[in-house]
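To start, the structure under review is shown below, and the notes come after it.
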Amino acid sequence: MSFEANTDWSTPYQWPEGKKCGVLISFDVDGESPYLWQTRDAQSNKLAELEQRRFGPRIGVHRILDLLKKWDTPATFFVPGQTAAYYPELLSIILQSGFEIGLHGYQHERVDELSIDENIDVLERSLEIFKKQTGLEMFGFRSPAWEMTSELFQILNQYQLLYDSSLMGSDHPYTIDGISEIPVQWLTDDAIYFRYTASTRDKGAPSNPKQVLDSWIEEFEGIRAYGGLFSLTAHPWISGRPQRIRLLDKLFSHIRQYDDVWWAPAIEFSQYHKTSENFDRYVVKTKDSVGDNT
């Protein structure tokens with residue numbers, strides 16, 4: 001069974017005239033929500049990781065906003081509903097600074113571990129908080145842990161979410177179950193290089209930022225050559241630290257030397273994709289794409 005019979009992935013993505021590639025800068029403002037989800041069934045009096053993660057909404061976000069303003073760089077901030085509830089000024093600060101906000105679960109749940117009803121409840125709780133705090137009605141979506149299910153895509157369609165930004169099936173926008181997919185990439189996620197909480201989940205010491213900068217520049221140059229979307233994901237509790245702010249500053253400086261790069265928030269990439277010929281050119285249907293082991 002072929003679920004991509006009409007899709008020619010070798011065809012170059014068509015960007016707006018004069019643009020060779022896209023650049024999406026995004027931040028997942030998780031705060032302490034992932035830790036609270038992981039420890040939801042256990043009582044704990046530990047404070048170290050909680051405080052480490054709280055650095056993000058307390059301090060990291062503000063440093064990042066200042067850096068984005070310095071480079072006049074658009075960006076999208078994906079925020080769990082619980083983080084927005086714990087820091088009720090956060091969404092307004094981001095919006096008033098001129099940046100997009102998007103949904104990111106409620107407590108950074110693993111969506112594949114939830115039932116359909118539980119995923120609906122998570123989405124409704126988050127939407128209620130976002131609408132109340134911002135007065136906005138429509139939002140894009142990024143799944144915690146970058147996992148999705150075909151049922152969740154049905155839910156996104158049901159609630160008219162503007163786009164999804166959770167998957168890696170291409171390095172340019174594509175269409176999945178009628179929704180614009182704005183892809184992500186582990187290679188350009190700060191967490192795999194710098195996340196360290198002195199726990200059993202750690203794989204080793206944080207990476208050298210100079211090596212990470214070189215890696216990200218190489219990825220950007222490759223994406224530009226292929227005409228794709230350079231999609232960076234950072235976390236304020238990680239990249240709000242001085243060393244990583246300096247890394248981002250140097251990365252933005254490098255990319256800004258090109259005038260054929262389209263910097264935009266996720267919502268603009270999704271709107272362009274949906275109204276362009278690309279929308280019907282790169283199509284995936286999840287109900288047919290789940291692997292068949294028979």
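Just so you know, all these numbers are worked out from the coordinates, no wet-lab data involved. Remember, it's a predicted structure, so these values are computed and weren't measured experimentally. Cβ coordinates were reconstructed from backbone atoms using ideal geometry, including for glycine residues, and neighbour counts include every protein chain displayed.
Taking LYS287 as the anchor, which aspartates and glutamates have their alpha carbon closer than 18 Å to its alpha carbon, excluding any fewer than eight residues away along the same chain?
GLU4, ASP112, GLU147, GLU151, ASP164, ASP177, GLU181
What size of dipole, in debye to the nearest 20, comes out for the chain about its Cα centre when the only charges are +1 on Lys and Arg C-beta atoms and -1 on Asp and Glu C-beta atoms?
1220
Could you please rank THR83, THR197, placing first whichever residue has the fewest other Cβ atoms within 10 Å of its Cβ?
Ascending number of Cβ neighbours within 10 Å: THR197, THR83.
Once you have the alpha carbon radius of gyration of the chain, what is it after dividing by 2.2 N^0.38 Å, with N set to its residue count?
Cα Rg divided by the expected 2.2 N^0.38 Å: 0.98.
Pulled fully out, how much extra length does the chain show between ALA205 and ASP41, if you take 0.36 nm times their separation in residues and subtract their Cα-Cα distance?
56.2 nm
Among the lysines, select those whose C-alpha is under 19 Å from the C-alpha of LYS20, and discard any that sit fewer than 8 residues away in the same chain.
LYS274
Using a Cα-Cα cut-off of under 26 Å, which lysines could be cross-linked to LYS203, ignoring same-chain neighbours fewer than 8 residues away?
Here the lysines satisfying the reach criterion relative to LYS203 are LYS46.
Return VAL79, VAL283 ranked ascending by Cβ neighbour count within 10 Å, so the fewest neighbours appear first.
Lowest count first: VAL283, VAL79.
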